Structure formats: C-alpha cells, structure tokens
Amino acid sequence: MAKRSTGRRKSQPHLFRRSSLARRYLLSSLLIALIPLLLLAGVYDALYVRALNKVAESRTNARMAATENLLASFLQERLFELQELIDDPVLSDYLGSTRTGALLPDAVDRTLRRQLDSPYVYGVILKRRFTSAPDWYLPQSLRVGIDLGTLPITPLRDAELLGPVSPNVDRPGWLVLKLGLNQSDNPEQAAWLGLVLRLTSFTDRMRDLELQGLQQPLLRAPNGVYLSQLGTQVDPHAALSERDDVGAEFLPGWNIRLLWLGDPLYSPLELARFGLLLLVFASAIGIVWLARHLSQRLSDQITPLIEGAERVAGGDFDTPLNIRGTAEIGVLALAQERMRLRLKRLIRGMVEVERRAVLGQFAAGVAHEIRNPLATIKTSVQALSRKETEPHRLELMQMVSHEIDRTNDVVQLLLDYARPRQAEANRINLQELIDSVKVLADGIAHSHGIQIETVVHDKAVYAWADPAQVRQIIMNLVMNSIQAMETMGGTVRLQARRQGLSAYLFVKDNGPGVSQEQLAYLTEPFYTTKSSGTGLGLSICSQLAHSNDGKLTFRSVSGQGMRVSLRLPLYTTDREKLERHE
C-alpha cells in the first residue's frame, strides 16, 4: 500500500505539468465567460422564469377544469344509466311492490345483469317499499363490514352519492350512486335503486393531471379522505404545502388538489443562477480545484482496474469489472474485462477436464467393482428363476433382474459422461433421422396417450455430425418429453430446419415445462427434476452436442411445455472434401 501511495504522489506533478496549458485556457475561458453568464442569468431569472410560471399556471388551471368536467360527466353518465333502469316498468313495479318475499322477475334479473356487464359497475343495490334492508347484488367480499348508513352522502341532482368506501387489502374501493323511486319520510316506505361504481373508474379521470415528479392529483372526498388516481387512499398531510393547487368543489364536499412534489422545472434554473454567482467567488481557487479534480478522476478510473486485477489474481472470475474509464483507460478496462472472461472460460474448462478425469477414474473403478458382481448375481438369479415354480418368488427374481439392469444403465451413463467417444462426423439426413426416432419411440409414447409428430419440409436438411450421437441426443430429448407427460398425455413435435450455415433440430412438447430457476441447471451433471432420474442424460446430450460443434438450447415456461433446439454444422460438399483430405 505504501508503494502504491508513493507512486500516486509522484504522478500528480507530472499531471500538473501536462495540464498547465489546459489550466491556462480554462482560466481564460472562465474569466471571459463570467460577464455574459451573469447577464444571461439576470435576463433568464427576470423574464423566462416569470413567463414559465404564467404558462404553467394557466395550463394547470385549464387541465384542472377539464378534469373536474370529466369527473362530473362520469357521474352524470352513470346517473342517466340509473334513470333508464328505474324507468323500466317491470323494475319500477318490483321496487314499488308491497308484497313481502316477492321473487325477482326474470326480466328484472336480465336487466340488472346487462348493467353488471358495464366496466364501471361492481354491482347493484335494490331497496323495495316496506322492506327494512336493501338487497345487495354484489360479491360478499366487497361489502363485509360496510354499513350504508355510515357513508357520507353527497346530493347529485335527484340522486345521492354514497361513499366512498376506501380500498384495503381485502377489497377494492367503491361508491354508490343512489336514485329513489318515490319520496317518503319513512325509510321503510322508500324504494330506491343504487349502482355500486368502481372507485378506480371514477378517480382514473385525473390521470391527465399527473406530472411525473412535479404534481400528483388527489381527490378529496366529503369524509376528508384523499384518493389517488388509482383509487387508493393516501395520507398527504405531511406533504401539503402552500404551492398546492386546490380546485373548487365540483360536487358538495368533492374537490381536486394538486399535490406539489418538487421543483424539477425550476430547480435547474435556480441552480444555474447560483452556480454562476459561485463561479465569481470560486475563480480564485478554480485552478487548484481543477488540478485536484483531474488527479482524483484519474485515480477513480485506475483504482477499479487495480481492484479487478487483484480479484482475478485471487481467483474471483465472476465479479465483472466496473468500467468507468474514458478514452485510453476505457479501452484498457475493456481489454482487462475480456481477459477476465477468457480466463474464466479457460479455468472452467480446466476444472471440467479435471472433474471428468476424476469421474472417469471413479467410473472405471465403479464399473469394475460393481459390474462383475452384478453379472454374477444376474446369472444366478436367472438360473434360479428357471427352476422356481412359485409365482411370488418368480416375480421377485424378475424385479431383481430388472434392478440389476437399471444399475448397469447408471454405471454406463457414468462411463459415457466421463469418457465420451470421439465424434465421427458424416452426412446426416435430419428428416430421416427424426423419422427413425419417431418409429422407435412411438410404442412407448402411445402407451401413455402421447402423440409424436414430425414436421416435413419439401427440401431435405443435411447436417455434418456423428449420426449415432445425434440420434442419441434426439432420442434422449424425446424420452424426457414422454416421461414429463406420461400422466397427462400430450404431443411431442420433431422438426428439422436449415437456417444460415447451420442445421437445427427441434423437440417441442406441451408438458408441464420447468421454471426459469431449473432451466439454468438442466445440463449440470447429477441435476434432475425427476424422482427416478440420474441427472446425467441432458449433461451427456450437451457434451455430445459440443463434441459435434453444436449447441443445445432450452426454452420453457412453467406449465407451458419445453422447446429444445439442437444446432449442428450444415453439410456442404466442401466440408466433406476437407474432412476426407484430413
């Protein structure tokens, strides 16, 4: 650390000498610009700000008046709809009926259901004559704990506006537009009809008033509650100020308030004015500050490079370099970042090679120590099963033989992953390959109610790869799709296609798919989403694809199936001639 600090101190005079001419030019520019800047600040402050204030004030008043008209028009339109409902003869007779327990006529029910289709209405409330309580046509969750008698009442021509009911975690907000069928001082004799309106449909009319970071429109209700344009209740009392614009009441107790959030339009102007004044007083120390700033800026650009190099030297290849340099330092930072990524790939490759070597030794030992005893056991079980006559014991012996075969398959998977066979490239007709895979997998697919489809193209697609290994990859992918859908049925689609200088094989199913978290680990060794899987199938497929200069790509959305694409080199005549020459 001491050496690093000393080097930094020695570099500062060098920077000062190199920047001395730049400092002189900067000082001259500052002195020449001071007078016009001060004049510009004075004119700017005296004229432009005043004009801006007047324009902003006039625009705010116009927009607030337009929004008040929108809110009033919204209620007026709903009132017209309510008047049309209550003028319906069948509905009017039903509301005025004195018969207790009268059933809701079908015509009334259809009328109310049409009204409930409106995007602005949650439900309907009916109050018939000589009934003590209204009938609610509203989900129970929206009216739990609500007493209409406690809601604030706002007169609206011949109707009344009840509410609002503030939203909470269990229900959205709403209000009631109520219109009476008759006038009566006795509440039980009064008949009326009410629309339960969505509060968000009402408050959303204020969206044009919002200025991001500048003003927030709030709607004040008769009960003193403030509502945002999203219909949520807010508590703005801590942020209320004299700069808020308060509109007149467009309904008794209802008015709009534009909450002042900040001054993003005026702050840059004021900062520029004060900045110009500060330049006059800071000109004497500007040279020292500039030199210190240049030195500190250079240090800020070099320090991340040093820290990044130390992280790489310590073995941390995953933390990206915070590139903040410019010009040559930026180029150097990009080069160091590329070096980190290349080292990361190199180290991972070396670790993978070492892991496979260790796994190869382990697999060879396991194969030697397990396969020979398993062969002896299987031979003995098969010999005993020939002489066994009791069905129960014969079934147990068959299960033992099956488990021995499954264990052999697991050992073979370990050997295939640890010591893969070298790919022998040749021309492959991909359409014929997927047709052969379909024939092999059709039997087990049909037994689980799964259909395998192949997409046929007019022109054949040829790839340059190892046919056996490509068939192994596709067969493994198809079997994975079948196993994923064995309890639900579905479709597996196989397709071959040419794109550019590559040939593609696609395996797509409409099974349950996997999540994005699981998608990142599908090709990791010993990772599996199946209860009986080994976690080596897709890892081996990825390894075989890489050995054939190809790549496996997985795309899936949980609940919407899986789509796997295998990219392979496209077969060309020149490629075959080059391969034969080698």
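The values are calculated or read from the model by the stated rules, or taken from the named source; none is laboratory data. Treat the numbers as computed from the prediction; the structure is a model and nothing was measured. FYI the Cβ positions are ideal-geometry reconstructions off the backbone, even for glycines, and counts take in every protein chain you see. SASA here: full protein model, heavy atoms, side chains in, ligands and nucleic acids out. Shrake-Rupley method; radii C 1.70, N 1.55, O 1.52, S 1.80 Å.
Some points to look at:
- Residues located in region 225-245, provided they are surrounded by 14 or more Cβ atoms within 10 Å (Cβ to Cβ) and of a type outside the set (Ser, Thr, Tyr): VAL225, LEU227, GLN229, LEU230, GLY231, GLN233, VAL234, PRO236, LEU240, ASP244, ASP245
- Pairs with Cβ under 7 Å, 6+ apart, first in region 211-230 and on the phi < 0 side of the Ramachandran plot, second basic (Lys, Arg) and not in a strand (DSSP E or B): GLN229/ARG207
- Matching residues in region 132-166 - criterion: being open to solvent by less than 30 Å² (accessible area, probe 1.4 Å), in a loop (DSSP other than H, G, I, E, B) and closer than 17 Å to VAL121 by Cβ: LEU138
- GLU453, sole failed condition from (1) assigned to a helix (DSSP H, G or I); (2) surrounded by fewer than 16 Cβ atoms within 10 Å (Cβ to Cβ): (1)
- Top-ranked residue of region 425-450 - restricted to ones that are open to solvent by 20 Å² or more (accessible area, probe 1.4 Å) and touching a Phe, Trp or Tyr at 6+ places or on another chain (Cβ under 8 Å), ranked as nearest to SER542 (Cα to Cα): ALA425
- Qualifying residue in region 466-473 (condition: open to solvent by less than 20 Å² (accessible area, probe 1.4 Å), in the same structural domain as ASN548 (by the TED database) and farther than 22 Å from SER436 by Cβ): no
- Test: residue in region 506-529 that is touching a Pro at 6+ places or on another chain (Cβ under 7 Å), surrounded by 14 or more Cβ atoms within 10 Å (Cβ to Cβ) and either at pLDDT 75 or above or in the same structural domain as ASP442 (by the TED database) (or both): no
- Any hit, region 143-160, residues being hydrophobic (A, V, I, L, M, F, W, C) and farther than 20 Å from GLY253 by Cα: yes
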